[in-house]
Structure formats: C-alpha cells, structure tokens
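Engineer: Could you have a look at this structure, given as structure tokens, before my questions?
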Amino acid sequence: MAVTTNRVPLSGLARKLVADGLLDDKAAAQAFQDALSARIPFVKFLIDNKLGDAKVIAHAASQEFGVPLLDIDSIDIDPDVVKLVSEEIIQRHHALPIFKRGNRVFIGLSDPTNLQALDEIRFHLGANTEAVLVEETKLARAIEKALAAQDSGLNDMQDSDFENLDDLEVGTQQEAAQESTEVDDAPVVRFVNKVLLDAIKRGASDLHFEPYEKYYRVRFRVDGMLAEIAKPPLALAFKIAARIKVMSRLDVSERRVPQDGRIKLKLSKTKAIDFRVSTCPTLYGEKVVMRILDSDAAKLNIDQLGYEDFQKEVFLKNLQKPYGMFLVTGPTGSGKTVSLYTGINILNNDDINISTAEDPVEINLPGVNQVQVDEKTGMTFAKALKAFLRQDPDVILVGEIRDIETASIAVKAAQTGHMVMSTLHTNDGPQTLTRLQDMGVQAFAVATTINLITAQRLARRLHPDFRVPVDLPAEALRGEGYTDEDIADGVKLYGPGIGNADCPTGYKGRVGIYQVMPITDTMKRLIMEGANAVQLADQSRAEGIWDIRKSGLQKAKRGITSLAEINRVTME
C-alpha cells in the first residue's frame, strides 16, 4: 500500500525514499504535504530543510524514474537556451534549460516528478522538453549563475531594479559630458550599477572586469576566492570600462596607461560604500579591478579577529607601550588594515593625538587625523610623517613602509618617544626583521625600536551546519605538523560538506591566523649580531612563539577551518 498523508498521496520519489530508509513514513508525509502547501518542488524542500543529502536523493530519483543523472558542474550551460525561458518560470519551478538538440530542449530538474515545469516550459517554447536529473545543491548554484549571466545580457533589467542607486556619485559634469556619446548607454549604466549592488549583497571584497580575445567576464572575490558571476557580450567591454572610469573621475580617453580612482555609492542617507578603482591596459582592452571599502563591515573588535587568548594578551600589552614600532605583516588581502585599525580604535581616546598616513584611507575613524597619501600631488608617506612630527603626535600610523626614506623617518619617530604602527609585505616576523635591514635600516635601529611584529593570514571558516568529519591516521597528522601531544589530546578535523544556495562552498566568512612575535632581549642580541631569518625563526620557536602554520593547525583542530584551507593559505 502506498504511503499517504491524510489528504494527498505521496509521489513515487517519496515512496522510494521511505523504502530505502532515507526518510520515515511520518517525515516523508509531512514534508510532501508542506512542499505542496508552499508550492516548492519536493526535493528542494527536503534539501532546504536539511531532511536529506542531495547526492543520495538524486541517485534514488534516477533509479526510481530512469531519468539520467547529470553532473551539471562538468558542462557549459548554453546561455542562449537559458534566455528562451523567463527568469520567473525558472525560479518558480526551480528548473533550468541546459542545452538544445534539434527541436528538443533539455531541462535540468532535481525533482523528476515536477511534470508541471516541463509542461509549462514546453508550452512557453513551443518545443519538446526532456528532463535531466541534477543534484539539488548543484542545480541551485547553476540557476543562480545562469540568471546572473542572463542579467548581464542587459535585455531584461528595469530601472526599478536600481531604486537604491539614485544617489550614486559619479565624476564631475564636465567629465561625464566628455564621453557622453560613448558611455551614455542606459543598459550599460544599469548593468554596472547592478553588479556593484550584487557585490555588496554577496559580501565581495573585489570585483574584476576582464576582457579577453573571445569573451568578457566579471568575477567577484568572496571570502578570498574568485568566482565568475557574469559574461557580458564582448562588444560591451569598452562601454563598461568607460562607464566605470566616468564614475571614478578618470580620463576616459586615456586607455594606454594605468589609472586609479574612487567611487562613492550612497545606499541611504546614513550609509555609503567606497570603491577603489584601478584600470590597467591588457592585450584585449582595459581590465578594471574595484576594491570595496566598507567601513561598516570592518570588525574592529579584537575578540572577533581570531587571536588566541595568549596572542591577544601580548598584542594588547605591546599596544600600550608609549614608544617603539608595532608592525603588522602579510600579503595583500590578509587583513593587515583591519588589525591596525583595531589597535588604533583601542587607543583612540581624548587624551591621545593619533595621526595616520594611508593610501587609501579605507575606514574613517572619528577622533583620528587621517591623511590621504597621493603620489601625484607629492603627498608621500615620508612627507606626511615629517609633518606629523611637527604636530605633537602620540601615535602615528603609516599605511605601509615601502622605501628606505619612509622606514628611516618611522624609525626615528619611534626612537624619539612616539608609537609608530605600520605594515610590510613580508611572510612572517623573522623575515620582517631581515627585510628592514635589506632596505637599509641599521641592525641596532631595528633591534631597539621594534616592540612587536604580528604576521597574519585569512582562512575561510567552515560553516558549522555543513562541515563533515575528516579522518587522518596519526602518521599523516604528524606529517602535517601536529605533535604527539596534539594527537594524544585528540585531533578531530573537519572539511566542507555540501552547502546550500546561500553557502555553496561549505565555507562562510574568514578567520585570522597569526604569529604574534614580541622582540625579546635575546632576539635583539641576535639581530645586532647579524642573524638571518632562519636563525631568528629558530629563536622565536624556542621562546614558544607560534608561527602561522601552528596557529592555523590549532584552528583546524578545533573545527574552525579545514586542514586543506590551512595548507592553501600557508602554501604547504
């Protein structure tokens, strides 16, 4: 006898799941009824409510109905076929046209009992349709990506989609008029605005507009990873670049040299987001990269940054010293600016004079005197530092030590009773000490002025709802860097599982991993004796300082991130 609810008989798929022991009778009946009431495909309802595994359900459905199971991630979806069906129908039925063969259109479905979708699409197209089974989580990602690409065709967007963008600040009226015949294209304007808004909604840190010989693509960097979100027509490459250049007050007519600019996007009367814009001529046109500078998104609470308790204690102790250098190091995109601003935010009181020189000023802090460095006007880091020293500072922040002039002035400021905070692009603490000497700073100056070096990386956090256990033998754990003591305590590692449309990778957000290295008397002696980075690193470990690798391994051990992610960010 078929399993039924009080009113509605279950589908064959629901019966199959019950028969295979994947759902019990009561749960299947309730889920089927709730999916009908909500007008949601049964499989989508199961996955959204975490009542089953998408891969297992897909295999069960394929066996029950004899529908071929397709790995949609392994094929290129035909955008012209997607455009044949309206976004409203795709979203309502959770069904995606994938490709066309003759007069037959193949429709990706996660629920093969969704015959209504096939019938409506068949009627809409006037062509035969055939179902292809796709895992629900992969289908959700494919629909999102396909519709984003469909939006980039610039055909279906309405002005009402951009009601929040009316206050978008662009260039001056003269600049806007300069190339009005080339960039005053309403669909292009709407497309660029939509991409900016989408980037903010997705929590992206960077946007990449990239021209190639045969296609043009737009990518977002989310949680440190780049992903393609749209492929506008190649013919629009120039117009898109020109529109962005007008918005950021750049010279639209100049396409042979790199340019830098900014855009301010006002989302409301009280919230605005800045975009730092960089253009660069490439073989097939201008590549444009935009970095999102969202002051509100920056978490300036040290408890949220990921420092271990003992590392936080050392960080705060050295932050309170009245003079010396406080350095944060790491590659681009490792969170150095947020760490520095966190320290400044802690020190920011009425009885302290704080001045910063930055390129660019990424976060506005009331009570802090912030200077925008501009090489074009001659306002360099070195000139800003010299000016600060004549204005009775207590704390000086230098956005980056790039050259010997800036380094020398920063060292002199630290030697004359000021706290100097800055960043360098080095991999860890010991390398920072040798890098400054390579730049020309004398060894005794390095040894006597630096109080603390914090090296850092950002690793993606595992989403607690989607992480899955990963078992490794003891030998493999030792090979990764875990000690016998760690293994005795129990090393329980996790990896990313199958997520959902909001978290397709199994990762959500990022966490910092740190090496917090105070400069002890022994370390100072080694510096003045000319020790190299390897010798300094050995001394650091002897003093119990965790390097970045060990810090990351401990976070993986606690299930905050995965071992694969630690290997990625520490390049081991």
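Engineer: Charges on Cβ only, +1 for Lys and Arg, -1 for Asp and Glu, centred on the Cα centroid of region 503-572; of GLN515, GLN535, GLN554, which one is farthest towards the dipole's positive end?
Structural biologist: GLN554
Engineer: Only Cα pairs under 8 Å and at least 6 apart count here; give the relative contact order of the chain as a rounded whole percent.
Structural biologist: 9 percent
Engineer: Once you sort the root eigenvalues of the Cα gyration tensor of region 454-533 as a ≥ b ≥ c, which label holds: rounded (a/c under 1.5), prolate (a/b larger than b/c) or oblate (the other case)?
Structural biologist: Verdict is oblate for region 454-533.
Engineer: Order these peptides, 194-201, 73-80, 375-382, by their mean beta-carbon neighbour count within 10 angstrom, highest first.
Structural biologist: Those peptides, ordered most packed to least, come out 194-201, 375-382, 73-80.
Engineer: What's the magnitude of the charge dipole for region 457-520 around its Cα centre, counting Lys and Arg as +1 and Asp and Glu as -1 at the beta-carbon? Answer in Debye, nearest 20.
Structural biologist: Using only the charged Cβ atoms, the result is roughly 460 debye.
Engineer: Which percentage, to the nearest 5, of the DSSP beta bridges contained in the chain is antiparallel?
Structural biologist: 65 percent
Engineer: Taking the Cα centre of region 357-419 as origin and charging only Cβ (+1 Lys, Arg; -1 Asp, Glu), how large is the dipole, in debye to the nearest 20?
Structural biologist: In total the dipole reaches around 260 debye.
Engineer: Go ahead and run the numbers for FRET between ASN532 and LYS321, Cβ-Cβ distance against an R0 of 25 Å, rounding to 0.05.
Structural biologist: Step by step, r from the Cβ atoms, then E = 0.40.
Engineer: State to the nearest 20 debye the size of the charge dipole of the chain about its Cα centre, where the only charges are +1 on K and R beta carbons and -1 on D and E beta carbons.
Structural biologist: The dipole of the chain has a size of about 140 debye.
Engineer: In sequence order, what are the phi-derived ³J(HN,Hα) couplings for region 300-314 according to the Karplus relation 6.51 cos²θ - 1.76 cosθ + 1.60 with θ = phi - 60°, rounded to whole Hz, with x for glycine and proline?
Structural biologist: Using θ = phi - 60°, the values come out as 9, 9, 4, 5, 9, 8, x, 5, 5, 4, 5, 5, 4, 4, 5 Hz.
Engineer: What's the local net charge at ALA54, with K and R +1, D and E -1, over the other residues with C-beta under 13 Å away?
Structural biologist: Here the charged neighbours net out to -2.
Engineer: Further, regarding this structure: Would you mind checking the pairs LYS100/LYS214; LYS55/LYS194; LYS317/LYS376 and listing those with alpha carbons more than 30 angstrom apart?
Structural biologist: Beyond 30 Å: LYS55/LYS194; LYS317/LYS376.
Engineer: Could you tell me whether region 4-106 comes out rounded, prolate or oblate from its Cα gyration tensor? Rule is a ≥ b ≥ c as square roots of the eigenvalues, rounded for a/c under 1.5, then prolate if a/b exceeds b/c, otherwise oblate.
Structural biologist: Since a/c reaches 1.5 and a/b is larger than b/c, the shape of region 4-106 is classed as prolate.
Engineer: Run the numbers on region 457-530 and let me know its relative contact order in percent, using alpha-carbon pairs under 8 Å that are six or more apart.
Structural biologist: Relative CO of region 457-530 lands at 45 percent.
Engineer: For a quick protection proxy, order the peptides 436-446, 513-523 by their average other-Cβ count within 10 Å, most packed first.
Structural biologist: Descending mean neighbour count gives 513-523, 436-446.
Engineer: OK, next. Let me check against my output: what whole-number percent is the relative contact order of region 389-441, with C-alpha pairs under 8 Å and at least 6 apart?
Structural biologist: The normalised contact order for region 389-441 reaches 42 percent.
Engineer: Still on this structure, please answer the following. First measure r as the distance between the Cβ atoms of ARG256 and GLN391, then evaluate 1/(1 + (r/R0)^6) with R0 = 45 Å and state the FRET efficiency to the nearest 0.05.
Structural biologist: Computed FRET efficiency for ARG256 and GLN391: 0.65.
Engineer: Okay, next question. Taking every DSSP beta bridge that has both residues in region 229-382, what percent is antiparallel when rounded to the nearest 5?
Structural biologist: Looking only at bridges with both residues in region 229-382, the antiparallel portion is about 80 percent.
Engineer: Could you compute the net charge surrounding SER334? Neighbours are other residues with a C-beta less than 11 Å from the C-beta of SER334; K and R count +1, D and E count -1.
Structural biologist: +3
All of the numbers you see were taken from the coordinates with simple rules; none came from a lab. A quick note: this is a predicted structure, and the numbers were derived from the prediction, not measured. Backbone-built Cβ (ideal geometry, glycine too); neighbour counts: all protein chains shown.
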